[in-house]
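The values are calculated or read from the model by the stated rules, or taken from the named source; none is laboratory data. Predicted, not measured: the structure shown is a model, and the values here were computed from it. When we count neighbours, we look across all protein chains shown, and the Cβ atoms used for this are built from the backbone with ideal geometry, even at glycine.
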């Protein structure tokens, strides 16, 4: 693991990409740069275009991978814009693309990002910190029915109605500002043996909704298939 994130199934995923000597590849979720680095090290003639909407990831990788700047271009952008970005670089076709979905070690272990119920920090969960809606906004401002729907649709939480109702009652007394406060409310809402699973599902639901993850992925996968060269590979790690 590097200091930022350990790339999932690193050897297996890169092997499955069937890298070509002069190929052009996209790392749609740069993170700590593990997949990108492995691709670059495999052959000195390869090019990589890497995307991440999280400024922390860009700051981290831009410094440590500066030596590859002639073959690596990094975009601080959501991967939903990769086709437009590549077009501006006059890249019409690529030989492979990899998605490592979910939350990075850096994001989930940093209380300031608010992704985890295991660390007490401010309610946030935005991958892109410039986005307007955060977990704080949803928990403190969204109506009961909207929250219930988010918890059920994106977290498959069967007790979504009870949890949403408890949140509404709790915020009448005071604003809910931290992940710890939200975790306590979830615990009060359900049976003891379901507490941890419920917290995981609620936090997942909030993250997916806030970052529009499902819609973005559907659109991008369609774009990715259309810009792959014949024989090109697409890898999705979940």
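What to note about this one:
- Residue check: residue 85 meets all listed conditions (1) assigned to a helix (DSSP H, G or I); (2) surrounded by fewer than 21 Cβ atoms within 10 Å (Cβ to Cβ); (3) under 16 Å from the mean Cα position of the chain (by Cα) but one, namely (3).
- Residues of region 5-28 satisfying the condition of being buried (at least 22 other Cβ atoms within 10 Å of the Cβ), under 22 Å from residue 113 (Cβ atoms) and either out of contact with any strand residue (DSSP E or B) (no Cβ under 8 Å at 6 or more places or on another chain) or modelled with pLDDT of 90 or more (or both): 5, 27, 28
- Top-ranked residue of region 127-169 - restricted to ones that are crowded, with 21+ Cβ neighbours inside 10 Å and closer than 22 Å to residue 109 by Cβ, ranked as farthest from the chain's Cα centre (by Cα): 139
- Options 163, 138, 167; residue that is in contact (Cβ under 8 Å) with a residue 60 or more places away in the chain, in the same structural domain as residue 183 (by TED's automatic domain parsing) and in contact with a helix residue (DSSP H, G or I) (Cβ under 8 Å, 6 or more places away or on another chain): 138
- Taking every residue in region 67-87 that is without any contact (Cβ under 8 Å) to a residue 40 or more places away in the chain and pairing it with any residue that is part of a helix (DSSP H, G or I), at least 6 positions away or on another chain, the pairs with Cβ-Cβ distances below 6 Å are 68/40; 75/85; 76/58.
- Identity of the residue in region 48-63, surrounded by fewer than 24 Cβ atoms within 10 Å (Cβ to Cβ) and part of a helix (DSSP H, G or I), that ends up farthest from the chain's Cα centre (by Cα): 63
- Flag for residue 79 being touching a strand residue (DSSP E or B) at 6+ places or on another chain (Cβ under 6 Å) and closer than 18 Å to residue 211 by Cα: yes
- Sole residue being over 30 Å from residue 167 (Cα atoms) and touching a residue at least 12 places away in the same chain (Cβ under 8 Å), chosen from 129, 63, 93, 122: 93
- Of the residues making up region 64-81, those that are out of contact with any helix residue (DSSP H, G or I) (no Cβ under 8 Å at 6 or more places or on another chain) and part of a loop (DSSP other than H, G, I, E, B) are 69, 70.
- Candidate set: region 170-197, residues that are in contact (Cβ under 8 Å) with a residue 12 or more places away in the chain and farther than 24 Å from residue 112 by Cα; chosen: the one surrounded by the most Cβ atoms within 10 Å (Cβ to Cβ): 189
- The one condition from (1) in contact (Cβ under 8 Å) with a residue 60 or more places away in the chain; (2) part of a helix (DSSP H, G or I); (3) surrounded by fewer than 20 Cβ atoms within 10 Å (Cβ to Cβ) that residue 206 does not meet is (3).
- Flag if residue 91 is in contact with a strand residue (DSSP E or B) (Cβ under 7 Å, 6 or more places away or on another chain), surrounded by 15 or more Cβ atoms within 10 Å (Cβ to Cβ) and part of a loop (DSSP other than H, G, I, E, B): yes
- Filtered residue count, region 29-47, keeping only those that are crowded, with 24+ Cβ neighbours inside 10 Å and either without any contact (Cβ under 8 Å) to a residue 12 or more places away in the chain or touching a helix residue (DSSP H, G or I) at 6+ places or on another chain (Cβ under 6 Å) (or both): 3
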